[in-house]
Amino acid sequence: MPTDPQIIHNALRALPSCLFVLTCAHDEYRTGILTSWVQQCSDDPPMLVVAVKKGQTIEPMLRDARAFVLNMMPPGDRRSILRFGKELDRSDDPFLSLEFDTAITGVPILKHAIGWFDCELEGHLSPDADSRLYLGRVVAAHMQPRVKFKKTVTVIAPVPEDRHARRNIPKKVASKRNL
């Protein structure tokens, strides 16, 4: 049974995601990019997989440094979007005027991140797709205290055939609650 590509697209958009800044440093260079394609892939050892669009200037640095940090950013963080949301040259340093710490792997950790994962690169895969997958073993992590994640719960109500009966349907069909 073939599936409509729009249905697949909509289903993928429903997966939970968060804004991350993937940072990397090698020799005197350091850089970062935005990504939201991050997923845990192992408990023992703890590992994450991150997708990076092919051709990004960070890719050779990732393979040379063999380490990266995934900085989990607060919702609506415009500073990160403006700083890391565009393609950077290898010589550009997006960390100038930003407060950051250095992870045990030597990679920058953004101080305004709500959490971070310091990872050693275990390998990468290059599927026949627009992104490469980078596999990182988590060697250190931190979450800010009191960070609450919200999950959207969608309630689907049947729509009556009668137009007048539709007026009695509650307008709010989605709600957020703390988990």
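Taking each residue as 0.36 nm, the span from residue 93 to residue 140 lengthens on full extension beyond its C-alpha to C-alpha distance by 14.5 nm. Just to confirm a number: summing +1 for Lys and Arg and -1 for Asp and Glu over residues other than residue 33 whose beta-carbon lies under 11 angstrom from that of residue 33, what do you get? Charge balance near residue 33 sits at +1. Here's how it looks for residue 47: its modeled amide H is under 5 Å from those of 41, 42, 138, which are all 5 or more places away or on a different chain.
Annotation: amide H-H contacts under 5 Å for residue 57 (H modelled 1.01 Å from N, sequence separation of 5 or more, or interchain): 88.
For region 27-34, 3J(HN,Hα) computed residue by residue from phi via the Karplus equation (6.51, -1.76, 1.60; θ = phi - 60°) reads 6, 8, 9, 8, 7, x, 9, 7 Hz, glycine and proline entered as x.
Rounded if a/c is under 1.5, else prolate if a/b is larger than b/c, else oblate: which is region 16-151, with a ≥ b ≥ c the root eigenvalues of its Cα gyration tensor? Rounded is the answer for region 16-151, as its axis ratio a/c remains below 1.5. Residues in region 54-63 carry Karplus couplings, in order, of 4, x, 5, 5, 6, 4, x, 5, 4, 5 Hz; the curve used is 6.51 cos²θ - 1.76 cosθ + 1.60 with θ = phi - 60°, and Gly or Pro positions show x. Phi angles of region 64-72 translate, via the Karplus equation with coefficients 6.51, -1.76, 1.60 and θ = phi - 60°, into HN-Hα couplings of 6, 6, 6, 7, 7, 10, 9, 9, 7 Hz per residue; Gly and Pro are given as x.
Mind giving me the FRET efficiency for residue 4 and residue 126? R0 is 25 Å, r the Cβ-Cβ distance, nearest 0.05 is fine. Result of the calculation: an efficiency of 0.30.
Values in this text are rule-based calculations from the coordinates and carry no lab data. Since we're looking at a predicted model, the values are computed, not measured. No Cβ is skipped: glycine too gets one built from the backbone with ideal geometry, and neighbour counts run over all protein chains shown.
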